[in-house]
1. Quick one: which residues, 5+ away or cross-chain, put their amide H under 5 Å from the amide H of PHE59? H built at 1.01 Å from N.
2. Once amide H atoms are placed 1.01 Å from N in the peptide plane, what residues at a sequence separation of 5 or more from ASN255, or on another chain, have their amide H within under 5 Å of its amide H?
3. Calculate one ³J(HN,Hα) per residue across segment 379-387 by plugging θ = phi - 60° into the Karplus curve 6.51 cos²θ - 1.76 cosθ + 1.60, and present them in order as whole Hz with x for glycine and proline.
4. For segment 349-364, take each phi angle, set θ = phi - 60°, evaluate the Karplus expression 6.51 cos²θ - 1.76 cosθ + 1.60, and give the result in whole Hz per residue in order, putting x for glycine and proline.
5. For GLU188 paired with ASN242, estimate the spin-label separation in nm (one decimal), with each label point 7 Å from Cα along the Cα-to-Cβ line.
6. Just add up the charged neighbours of PHE130: K/R +1, D/E -1, any other residue whose Cβ is under 9 Å from the Cβ of PHE130.
7. Net charge near ASP101: determine it from the other residues with C-beta under 13 Å of the C-beta of ASP101, scoring Lys and Arg +1 and Asp and Glu -1.
8. According to a simple spin-label model (label point 7 Å from Cα along Cα-to-Cβ), what is the distance in nm between GLU98 and SER368?
Amino acid sequence: MKIKLVSQEKKGVFIAGIIFFLLLSVFSVSQSQHVLKLSVKDSPNFSRIIIEASFPLSFGFEKKSSYLKVRIGADVAFRIKRDPFYSRLIRSLSWSKERDDYILTIRTKSRDFNYDYFTVLDPPQLVIDFSPLGEGSSEARAGLKRKEDLDRRIDSSSSSRSPSAKESLSSLRGIKTIVIDPGHGGLEPGAKGRYGTLEKDITLAVSLKLRDIIEQKFGFRVVLTREKDVEISLENRAAKANNNKAYLFISIHTNSSYRKDAHGPETFFLSSEATDEEARKLAYLENNPAEIKEGITGESEDEIAMILWDLAQSAHLKQSSLLAESIQKELNSLFRTRNRGIKQAPFKVLTGVACPAVLVEVAFISNSDEERNLLQENFQREIAQRIYQGLVNFIELYSQE
């Protein structure tokens, strides 16, 4: 009888130990699980939604008449924490899941609305501001205020720095004109997609949207090297930037490859040496659109190397690399591609530009999926928005250094 009682006691201890272990495991998992926190705040002129995460965020937007869908990609499991709210403009927040993405649907009390967003790196945050459609002009005023705040921050930060740092800052604090270069045009169609889409049409569409976003949200003057389907030489594109005393130059292109799996964005800045063989070939095709079937000659390389360091662009290579990195990071988030880093190549269109300059291959038009996306207005607008955000991040970085 005594032996039987002892056996039951041991069994009870064993079961209790298992239960304790399971509870501890559940508690540990819940403690280590990532969190995505939502909060809503009202200001006099707009309503703000803050999405804060304990992990890196990738996202995209889809706007309808009275609601905005935010598509959030995450490589980790997370739980959602939402504070109660009352808002003059935001009606409700709801979640759903589509394949590997989470969808946040934000419904507004207005039949239509404007929205703007920006990101914070540490901690990772996506901040979205909503305003009624009739108050769209306030975004332009907000953009001008943002520029004034940026200038004040640069003024205050530059007073305590070395002369060389002051010179770097002064080159950016006077930003008044940004030149956007839609690649190709006229008799130079550029690359062609499987369904007949031409690079020159996509680059112009994205560039026009990028111009509108910058002018509306940042209050800067924007000049396009072309505003319609016309052919402009590479030399004249650079000359237009210099004649307008551009402080930043962004050339927009679409990529192409014989590899069917090639996809995603790539951002380049100038160098006499290409990062890799693909970059070398791409630069040649962009520099010589009428000679695609010919090989890269040593003579063409020598010509670029000879003029490269005689031109003012050589003084801006560091800033160009940082601008390229900032834009590439934003586009990686849109395409959910791994960071392949920025690349260098001897693009002629960049050689004569006397300011920080980059060339952005926004997607592979040779990839049928990306070609279809490039034909969509919303996708073009999202690409433009990400390039704009990269531009903003670059300027703010220089205001803090």
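Where a number appears in this text, it was derived from the coordinates with a stated rule and is not lab data. Being a predicted model, the structure only gives us computed values, none of them experimental. When we count neighbours, we look across all protein chains shown, and the Cβ atoms used for this are built from the backbone with ideal geometry, even at glycine.
1. Amide H to amide H, under 5 Å and 5 or more residues apart or across chains, PHE59 pairs with GLY73.
2. Close amide H contacts, sequence-distant or interchain: VAL362, ALA363, PHE364, ILE365.
3. After applying 6.51 cos²θ - 1.76 cosθ + 1.60, I find 5, 4, 5, 5, 4, 4, 5, 5, 5 Hz.
4. 5, 8, 5, x, 8, 8, 6, x, 9, 9, 10, 10, 8, 6, 5, 8
5. Output for this residue pair reads 1.7 nm.
6. Working: positive: ARG48; negative: ASP116, ASP129.
Surrounding charge for PHE130 is -1.
7. Within the 13 Å Cβ shell, the charges total +1.
8. For SER368 paired with GLU98, the spin-label model returns 2.2 nm.
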